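**Q** Just dropping this structure here.
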Amino acid sequence: MTTTQILADRRAHIHEKGTAPFNIACEKQSVAGSVSQRACVFCGSRVVLYPIADALHVIHGPIGCAAYTWDIRGAWSSGPQLHRMSFSTDLQEKDVVFGGEKKLYQALVELIEHYRPKAAFIYSTCIVGLIGDDVEAICRRVSAETGVETIPVHSEGFKGSKKDGYTAACNALDQLVGTGDTTGISPLSINILGDFNIAGETWVIKDYYKKMGVDVVATITGDGRVDDIRRCHGAALNVVQCSGSMTQLAMKMKQEYGIPIIRVSYFGIEDMSKALYDVAEYLNDKTVMKNTQNLVRDEVSNLVPQLRKYKHDLQGKRAAVYTGGAFKALSMIRSLRTLGMKTVIAGSQTGNKQDYKRLQELSDEGTVILDDTNPLELAKFLEEKKADLLIGGVKERPIAYKLGLGFCDHNHERKIGLAGFEGMLNFAKEVHGTVTSPVWKLASLRDRLVDRHRLLDGDRSRNGNRFVEGGNAS
Amino acid sequence: MALLRHTTDDVVERQALTVNPAKTCQPIGAMYAALGIHRCLPHSHGSQGCCSYHRSTLSRHYKEPAMAATSSFTEGSSVFGGQANLLQGLNTIFSVYKPDVVAVHTTCLSETIGDDIPQIADAAVAKGFVPEGKRVIHCNTPSYVGSHTTGFANMTKAMVDYFSTSTTDEKIDGQVNIIPGWVEPADMSEIKRLVKLMGLDGITFPDTSGVLDAPLKSEYNMYPDGGTTIDQLESTGDSAGTIALGPICSGPAAEALKNKCQVPQETLPLPIGLRATDIFIQALRKYNGGEVPAEITAERGRLVDLVSDMSQYFYGKTVALWGDPDQLVSLTQFLVDLDMRPKYIVTGTPGKAFLRRIGEVLGDSVKEVIAKQGPQADMLYLHQLIKREKVDLLIGNTYGKYISRDEDIPLLRHGFPIIDRIGHQYFPTTGYRGAMRLCEKILDAFLDRQDRDSPEESFELTM
Ligand code: SF4
Ligand code: SF4
């Protein structure tokens with residue numbers, strides 16, 4: 001299909017739209033020996049639970065697992081910052097031989113006494129799974145003795161992929177849900193699931209709901225609070241974004257409390273508007289619907305003219321999207337279209353069949369769809385497809401730059417909120433900034449020499465610049 | 001917002017807990033060292049997460065792609081061992097990524113399971129998974145032992161174990177092995193420059209210059225141009241001597257090389273600061289007939305000149321520093337030479353020798369210093385000390401920024417990781433010129449602060 005050399009085992013994970021009937025392999029363990037961009041179960045649990053800011057997060061294991069997850073995710077909290085500390089049992093050799101239970105117990109007692117958190121999450125890492133510490137029993141004991149609910153998170157890294165970490169996190173959250181008092185919760189109320197308040201995004205979304213007249217009971221995974229989660233089963237609806245991470249909790253709540261679920265995305269004009277309308281429609285309240293119409297109309301009419309100048313410069317540029325789950329890639333493709341851009345590569349670390357199917361339906365002919373790719377493969381496709389932009393995470397960023405293309409972080413390390421209508425404007429600015437950056441013209445010395453005259457003789461009077469001649473010194 | 005509002009000034013002795021660690025785990029050190037071999041792909045024998053974290057952290061620090069493969073352990077491997085994964089892994093790596101060397105390190109998981117890497121590597125060779133002329137090396141890096149620095153040391157030693165060969169009894173005159181220790185790519189370049197100026201043929205290993213500070217060429221190159229080649233590594237066994245910089249990171253490799261190939265070795269402090277650089281130059285003189293070129297003398301003179309010009313601003317300033325032992329010892333020495341006062345010195349890397357070494361460089365002149373090592377020597381502890389008695393300057397990695405903000409103390413970033421600034425990859429802090437850069441950064445911190453804080457009447461134009 002292409003000149004890219006592809007690992008034989010990888011072929012099934014790659015699909016080029018229009019070349020064959022769609023049947024992508026996914027949800028598999030990475031091939032051993034590949035430079036996979038994926039992470040582990042622990043990583044999945046940690047990123048999901050991390051934003052619960054008034055809980056204690058203790059990592060039971062050797063130091064590394066804790067050190068690498070210390071405050072790397074910009075999940076903002078409007079109050080407590082306890083989640084940004086890094087607590088580790090820092091297991092030593094003797095603990096591995098004799099077990100780490102005593103150490104864990106002691107650490108928990110010390111910490112809980114000192115910080116008096118609202119709850120504590122205890123993450124098991126690979127080694128704990130292997131040495132067989134009874135974390136469950138320790139947690140029960142600590143809960144009983146301290147009165148602070150201490151919840152084990154079964155996140156041993158080798159027990160699957162990041163997705164299994166989401167499951168472990170949902171199970172842990174499930175212990176809290178349903179333990180609080182729900183009196184006074186409005187029937188026009190929702191929970192926000194799967195938004196992590198990166199760069200304050202949850203606040204933007206929450207504000208929209210407020211304007212619609214909808215109460216938000218709990219923002220479980222972004223600026224989260226233990227007490228809100230305890231009573232979130234009183235909400236009328238669970239609104240789930242980032243389908244991978246929180247769907248299971250929502251499903252449980254549906255079974256146990258009959259709370260219905262809608263799945264949304266807050267990225268891009270279309271998906272954002274649809275999310276709000278879906279919620280309004282579900283709640284079936286005239287005022288809410290009216291408010292929603294007003295809100296969307298105001299926001300969109302404010303936004304669209306501002307996007308024009310970016311779209312002008314970006315028209316026809318080619319983008320590659322590589323995300324954690326595939327659902328998010330859908331919104332990305334739509335948002336890029338809004339900016340006049342074409343997605344030539346779309347992929348994810350852990351997408352499922354259904355999402356990939358929708359992804360390829362949405363894609364143009366010739367778009368390459370990738371599951372669990374590696375840098376070499378990604379770089380080859382970026383070159384072949386002549387991408388101007390890569391959207392991805394920390395490990396993808398330097399690859400894009402080395403190739404001389406623009407990059408936009410749509411993962412934990414984004415520093416600017418990309419959700420909501422204002423997020424779309426930020427997205428446009430960021431994409432524009434990186435794709436049209438002069439640095440790419442400077443990249444190649446040879447091209448630069450050929451281009452020298454043009455580069456030096458730019459029309460100085462353009463763009464509203466003023467060059468004021470100084471008077472001659474007499 | 002007091003981000004660390006949880007920190008109180010009572011220093012609580014903790015037994016079982018590390019809060020905000022001043023270290024990380026062994027494998028990342030092994031990975032960093034392995035990237036200093038030309039066309040080498042590090043391989044993490046364990047589950048995917050570790051590898052992903054190590055690569056991300058290196059990428060954040062260097063702003064470069066950090067390549068490494070993983071055995072992708074599953075539940076099955078945790079029960080039956082990771083042999084099948086590593087075999088398949090090596091096959092995949094050599095057929096797709098085509099490195100010259102695969103450097104395998106273990107993780108907590110594979111260590112605890114007890115996989116025997118050399119035996120698996122032999123099996124891979126027997127099965128024909130390792131092409132002619134390609135090499136697989138390994139080291140053990142359980143993270144419940146040591147820290148990232150010892151992981152670096154282990155992989156560096158593995159280079160000796162696997163490559164160094166003594167081909168003659170006659171050692172090659174003027175060929176010196178330099179083991180630079182865990183320093184930045186720019187430091188490795190600087191060290192090489194000094195060796196060259198001294199008229200010597202140095203073999204520097206590992207050497208991440210040209211790998212983790214690679215230029216942008218508008219093409220993706222999985223193996224950038226830098227790194228020590230296999231030929232060079234083999235030839236280390238014929239060198240006239242080895243200079244190991246930093247006992248923790250470089251000592252074990254130098255010792256192994258001495259035992260294996262009878263190459264005499266000297267383990268020195270990392271050449272950070274004036275005195276440690278002097279020691280390094282002295283050691284090189286033994287191999288070049290004693291010459292010190294005028295260029296180096298002039299660099300040294302310039303450094304002393306700078307220090308004399310600005311000594312009033314250094315005088316008596318107190319410093320808290322944290323990071324890796326080899327770095328801390330040399331930095332402490334330099335601060336003392338600048339007439340500053342190191343006050344708190346903290347490393348998460350366990351090992352009692354550290355305290356002795358710090359004691360030596362402090363001598364009798366500096367008093368009331370608190371130095372601590374090991375699991376509870378963490379950033380929380382350091383913060384508590386600072387709350388009790390403030391310092392004028394912080395020197396350490398990015399994780400100091402919380403304390404810097406909360407206590408309004410300037411932070412000079414040095415060490416690993418630095419994930420919120422650039423410069424460390426490109427501008428050395430080793431050698432005399434590196435020391436000048438450190439001086440510049442220290443002075444900028446103090447003088448900027450003075451400009452910011454001084455009332456209008458004493459706001460000075462000239463300083
Ligand atoms: S501490 Fe061990 S288990 Fe954790 S990241 Fe490091 S190697 Fe992996
Ligand atoms: S040890 Fe396990 S839990 Fe920790 S980072 Fe590695 S794979 Fe993840």
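The values are calculated or read from the model by the stated rules, or taken from the named source; none is laboratory data. Keep in mind that this is a model prediction, so the values were computed, not measured. Neighbour counts run over all protein chains shown; Cβ positions are idealised from the backbone, glycine included. Ligands, DNA and RNA are stripped out before the accessible areas are found, and what is left, the full protein with its side chains, is counted by its heavy atoms. Shrake-Rupley method; radii C 1.70, N 1.55, O 1.52, S 1.80 Å.
**Q** Averaged over B:62-74, how many beta carbons belonging to a partner chain fall within 10 Å of each residue's beta carbon? Spell out each step's value before the answer.
**A** Values: counts 1, 3, 5, 11, 4, 6, 2, 8, 8, 3, 11, 7, 6.
Going residue by residue through B:62-74 and averaging, the value is 6.
**Q** Shifting gears a bit: Taking only C-alpha pairs under 8 Å that are 6+ residues apart, what is the relative contact order of chain A in percent?
**A** Reported as a whole number, the value is 16 percent.
**Q** If you restrict to DSSP beta bridges whose two residues both lie in the protein assembly as shown, what percentage is antiparallel, to the nearest 5?
**A** 10 percent
**Q** Can you list residues whose amide H is under 5 Å from B:ALA371's amide H, if they're 5+ apart or on another chain and H is modeled 1.01 Å from N?
**A** B:ILE345
**Q** In bins 10 Å wide, starting from 0, what share of all Cα pairs of region A:189-299 does each bin hold, as a percent?
**A** 15, 52, 30, 3
**Q** On the Cα set of region B:157-250, report Rg and Dmax in Å, please.
**A** Answer for region B:157-250, Rg first and Dmax second: 13.9, 47 Å.
**Q** Further, regarding this structure: For B:208-219, what's the mean count of beta carbons from other chains sitting within 10 Å of each residue's beta carbon?
**A** Averaged over the peptide's residues, the number is 3.
**Q** Along the charge dipole of the protein assembly as shown, Cβ charges K/R +1 and D/E -1, which of A:VAL41, B:TYR426, A:SER301 sits furthest on the positive end?
**A** Looking along the dipole axis, the top candidate is A:SER301.
**Q** Pairs A:LYS163/A:LYS328; A:LYS162/A:LYS415; A:LYS353/A:LYS402: which exceed 21 Å Cα-Cα?
**A** In this structure, A:LYS162/A:LYS415; A:LYS353/A:LYS402 exceed 21 Å between Cα atoms.
**Q** Rg and Dmax in Å for region B:22-124, alpha carbons only: what are they?
**A** Considering region B:22-124 through its Cα atoms, Rg and Dmax are 13.1, 39 Å.
**Q** Expressed as a whole number of Å, what is the distance separating the alpha-carbon centroids of region A:178-198 and region B:386-463?
**A** 45 Å
**Q** If you don't mind, another one. So what are region A:243-330's ellipsoid semi-axes, whole angstrom, largest first, if each one is the square root of 5 times an eigenvalue of the alpha-carbon gyration tensor?
**A** That gives 30, 22, 6 Å for the three semi-axes.
**Q** Let's see if you can work this out: charge +1 on each Lys and Arg Cβ, -1 on each Asp and Glu Cβ, no other charges. What is the dipole magnitude of region B:87-145 about its Cα centre, in debye to the nearest 20?
**A** Here region B:87-145 has a charge dipole of around 220 debye.
**Q** Given +1 on the Cβ of Lys and Arg, -1 on the Cβ of Asp and Glu, and no further charges, what dipole in debye does region B:26-163 carry about its Cα centre, rounded to the nearest 20?
**A** Charge dipole of region B:26-163: 440 debye, to the nearest 20.
**Q** Right, next: Which one of A:THR89, A:ILE63, A:LEU403 is farthest out on the positive end of the charge dipole of chain A, using unit charges on Cβ (Lys, Arg +1; Asp, Glu -1) and the Cα centre as origin?
**A** Comparing the listed Cα positions along the dipole, A:LEU403 ranks first.
**Q** Would you please give the FRET efficiency between B:ASP122 and A:ASP174, computed as 1/(1 + (r/R0)^6) with r the Cβ-Cβ distance and R0 = 45 Å, to the nearest 0.05?
**A** 0.40
**Q** Kindly rank A:335-347, A:180-192 from highest to lowest mean number of other beta carbons found within 10 Å of each residue.
**A** On the way: A:335-347: 23.0, A:180-192: 16.9.
The densest-packed peptide leads the list: A:335-347, A:180-192.
**Q** Would you work out what percent of the accessible area of the protein assembly as shown, with all protein chains in place, is carbon or sulfur (probe 1.4 Å)? Please report the intermediate quantities before stating the final value.
**A** On the way: 17490 of 35340 Å².
Within the protein assembly as shown, the accessible surface is 49 percent carbon and sulfur.
**Q** Hey, another quick one. What fraction of the Cα pairs in chain A, stated in percent, has a spacing above 39 angstrom?
**A** So the portion of pairs separated by more than 39 Å is 29 percent.
**Q** A further question on this structure: Starting from the Cα gyration tensor of chain B, take the square roots of the eigenvalues, sort them a ≥ b ≥ c, and report rounded, prolate or oblate (rounded when a/c is under 1.5, otherwise prolate if a/b is larger than b/c, else oblate).
**A** Values: a/c = 1.96, a/b = 1.35, b/c = 1.45.
Oblate shape, in that a/c is at least 1.5 and b/c is the bigger or equal ratio.
**Q** How tilted is helix A:353-362 with respect to the longest principal axis of chain A? Cα atoms for both, answer in degrees (0 to 90, nearest 10).
**A** 20 degrees
**Q** Separate question: List the residues of region A:372-402 for which accessible area in the full set of protein chains is at least 10 Å² lower than for the chain on its own; 1.4 Å probe, protein heavy atoms only.
**A** A:ASN374, A:PRO375, A:LEU376, A:ALA379, A:GLU383, A:VAL394, A:LYS395, A:PRO398, A:ILE399, A:TYR401, A:LYS402
**Q** Taking only protein heavy atoms into account and a 1.4 Å probe, give the accessible area per residue of region A:189-299 in Å².
**A** Numbers: 4030 Å² over 111 residues.
Solvent-accessible surface per residue comes out at 36 Å².
**Q** Using the Karplus curve 6.51 cos²θ - 1.76 cosθ + 1.60 with θ = phi - 60°, work out ³J(HN,Hα) for each residue of region A:312-324 in order, rounded to whole Hz, and write x for Gly and Pro.
**A** Result, rounded to whole Hz: 4, 6, 9, 3, x, 6, 10, 10, 10, 10, 10, 10, x.
**Q** For peptide B:95-101, what's the mean number of Cβ atoms from other chains within 10 Å of each residue's Cβ?
**A** Counting Cβ atoms of other protein chains within 10 Å of each residue's Cβ and averaging gives 4.
**Q** Let me spell out the model: positive unit charges on the Cβ of Lys and Arg, negative unit charges on the Cβ of Asp and Glu, origin at the Cα centre of the protein assembly as shown. What dipole size does that give, in debye rounded to 20?
**A** Computed charge dipole of the protein assembly as shown: roughly 2100 debye.
**Q** Using protein heavy atoms only (no ligands, DNA or RNA), what is the total accessible area buried between B and A, 1.4 Å probe, nearest 100 Å²? Please list the in-between numbers first.
**A** Numbers: alone 19720 and 21940 Å², together 35340 Å².
Looking at B and A, the buried total is near 6300 Å².
**Q** Quick one: accessible area per residue over region B:311-453, 1.4 Å probe, rounded to a whole number of Å²?
**A** Per residue, region B:311-453 has an accessible area of 38 Å².
**Q** Rounded to the nearest 500, what is chain B's calculated 222 nm mean residue ellipticity when only DSSP H runs of at least 4 contribute -39500 (n - 2.57) each, over all residues?
**A** Per the formula, -14000 deg cm²/dmol.
**Q** Moving to a separate point now. Which percent of Cα pairs goes in each bin when the distances of region A:41-174 are cut into 10 angstrom slices starting at zero?
**A** Percent of Cα pairs in each bin: 13, 48, 35, 4, 0.
**Q** Please give the peptides A:134-145, B:79-90 ranked by average Cβ packing (other Cβ atoms within 10 Å per residue), highest first, as a rough proxy for protection.
**A** B:79-90, A:134-145
**Q** Where does region B:311-453 land on Rg/Rh, using Cα atoms and the Kirkwood Rh? Can you show the working numbers first?
**A** Working: Rg = 14.1 Å, Rh = 15.2 Å.
Radius of gyration over Kirkwood radius for region B:311-453 works out to 0.93.
**Q** Compute the FRET efficiency between B:ASP278 and B:ILE172 as 1/(1 + (r/R0)^6), taking r as their Cβ-Cβ distance and R0 = 30 Å, and round to the nearest 0.05.
**A** With R0 = 30 Å, the Cβ-Cβ based efficiency is 0.70.
**Q** Another question about this same structure. Using alpha carbons only, how many angstrom separate the centre of region B:26-86 from the centre of region A:199-229?
**A** The distance from the Cα centre of region B:26-86 to that of region A:199-229 comes to 38 Å.
**Q** Which whole-number value in Å² is the accessible area per residue of region A:79-145, probe 1.4 Å?
**A** Ligands and nucleic acids excluded, the result is 40 Å² per residue.
**Q** Ok, one more. Which whole number in µm²/s is D for the protein assembly as shown by Stokes-Einstein, with the Kirkwood Rh taken over Cα pairs at 25 °C and 0.890 mPa s?
**A** 83 µm²/s
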